[in-house]
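What follows is one structure encoded as structure tokens, with my remarks underneath.
The values are calculated or read from the model by the stated rules, or taken from the named source; none is laboratory data. Note that the structure is predicted; figures quoted are calculated from it, not measured. Don't worry about glycine lacking a Cβ; one is built from the backbone with ideal geometry, like all the others, and counts go over all protein chains shown. The protein model used for the area step is the full one, side chains on, heavy atoms only, and it has no ligands, DNA or RNA in it. Shrake-Rupley method; radii C 1.70, N 1.55, O 1.52, S 1.80 Å.
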Amino acid sequence: MTGVAAAVLALGMVGCSNDAEPVDQPTAGEEATGGDQGPASSDGGGTATDSDEATDDQSEVGASDGGGADAPEARGSAGRPPAVLYIVDGVEEAVDTSQTPWTLTGDGLAGVLAGHEVISDRTAPSCDGELAYTDRSSVNCTASFDMEGLDGEQELTVMAVRAPVGFDPAGSPALLVSIGAPPSAQALETFTDQDNHLVGVGQGSMFGTDELSAAELGEAVQATANSDAGYAPLDSPIAVTECEGALPAGSPDPVGCDVVWEHSTDAGFDAEAMAVWFVDSDPGLLVALEIGDQSTEGESG
């Protein structure tokens with residue numbers, strides 16, 4: 001088992017600095033200006049094992065300062081995961097959910113971006129047009145960043161995505177922002193599928209730089225979805241039954257897994273997972289859960 005998988009499985013992610021000296025476990029990130037909150041690291045919930053397994057491995061996941069200060073160069077260029085923002089809090093207030101489909105004006109979208117803690121106020125964000133909550137929906141924007149490894153004006157692809165809210169099949173409007181390179185066609189299709197609800201959590205500065213086997217990916221998906229420190233925690237834990245294959249380092253495409261609600265194992269549904277760099281936190285896993293097709297299957301009786 002790789003160090004990445006061991007760190008994901010350990011109860012309370014075991015962090016290490018760049019020189020492999022142990023440090024205290026990071027905590028969830030501070031609430032962002034403008035309402036967005038990004039976690040500093042996963043608590044590894046749902047698949048905890050003896051933490052000695054992680055500490056014995058010399059390739060443990062490193063901990064960041066939780067503020068996005070780990071530059072891409074610090075993680076090495078090989079297998080670098082795509083850079084994203086997953087914005088949940090404050091989006092619903094800006095989206096007109098009385099319309100079908102839900103819509104967010106270009107000015108409203110720019111305002112949400114401007115309120116995020118990692119986006120600089122040196123130049124006001126601007127967006128090409130309105131964002132509709134439909135499959136494959138995205139809008140091009142520009143915004144400036146004041147971060148090591150991500151400095152100056154950047155091209156953004158902002159996607160209309162949904163966050164889980166209990167077992168509501170509609171979920172809540174959220175934004176997934178791809179920074180620099182646009183998402184792959186498969187990633188765009190997966191994450192903007194309006195039946196999919198996104199969960200994610202930062203898991204350490206080296207996460208995503210090594211391939212995860214199918215078994216390791218399943219463990220990471222389960223830990224991510226069941227983490228209380230994530231961007232959009234679930235109300236009920238899930239279990240992964242199988243993943244279709246390995247997740248290559250730096251892959252721009254998600255890999256599929258089969259999951260069930262732990263309390264209702266006959267209610268299986270799909271999950272798609274991709275390693276990303278949450279620029280307001282750490283590299284980690286972004287998981288799309290097909291909750292929109294579940295209606296009441298996840299509700300406990």
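Filtering ALA232, ALA275 for residues that are touching a Leu at 6+ places or on another chain (Cβ under 9 Å) and closer than 21 Å to SER137 by Cβ leaves a single hit, ALA232. Residues considered: ALA246, ALA214, ALA223, ALA267. Of these, the only one that is under 30 Å from LEU113 (Cβ atoms) and either of a type in the set (A, V, I, L, M) or out of contact with any Pro (no Cβ under 7 Å at 6 or more places or on another chain) (or both) is ALA223. Scanning segment 87-125 for residues that are open to solvent by less than 60 Å² (accessible area, probe 1.4 Å) and either acidic (Asp, Glu) or in a strand (DSSP E or B) (or both) turns up ILE87, ASP96, THR103, LEU104, ILE119.
For the condition in contact with a Pro (Cβ under 7 Å, 6 or more places away or on another chain) and charged (D, E, K, R), what is the one hit in GLU92, GLU117, GLU130, GLU155?
Details: GLU117 fails: in contact with a Pro (Cβ under 7 Å, 6 or more places away or on another chain); GLU130 fails: in contact with a Pro (Cβ under 7 Å, 6 or more places away or on another chain); GLU155 fails: in contact with a Pro (Cβ under 7 Å, 6 or more places away or on another chain).
Only one candidate passes the filter, namely GLU92.
The strands (runs of 3 or more DSSP E) falling completely within segment 204-301 that include 3 or more residues that are over 16 Å from the mean Cα position of the chain (by Cα) map to 238-243, 255-261, 264-278. Just to be sure, is VAL221 in contact (Cβ under 8 Å) with a residue 60 or more places away in the chain, closer than 25 Å to GLY149 by Cβ, open to solvent by less than 10 Å² (accessible area, probe 1.4 Å) and of a type in the set (Val, Ile, Thr)? Spelling it out, it is not the case that VAL221 is in contact (Cβ under 8 Å) with a residue 60 or more places away in the chain, closer than 25 Å to GLY149 by Cβ, open to solvent by less than 10 Å² (accessible area, probe 1.4 Å) and of a type in the set (Val, Ile, Thr). Taken over segment 141-188, the criterion of being within 20 Å of GLU92 (Cα to Cα) and open to solvent by 40 Å² or more (accessible area, probe 1.4 Å) is satisfied by VAL165, PHE167, ASP168, PRO169.
Out of everything in segment 191-208 that is surrounded by fewer than 23 Cβ atoms within 10 Å (Cβ to Cβ) and out of contact with any Lys or Arg (no Cβ under 6 Å at 6 or more places or on another chain), what residue ends up being farthest from ASN140 (Cα to Cα)? Of everything passing the filter in segment 191-208, ASP195 is farthest from ASN140 (Cα to Cα).
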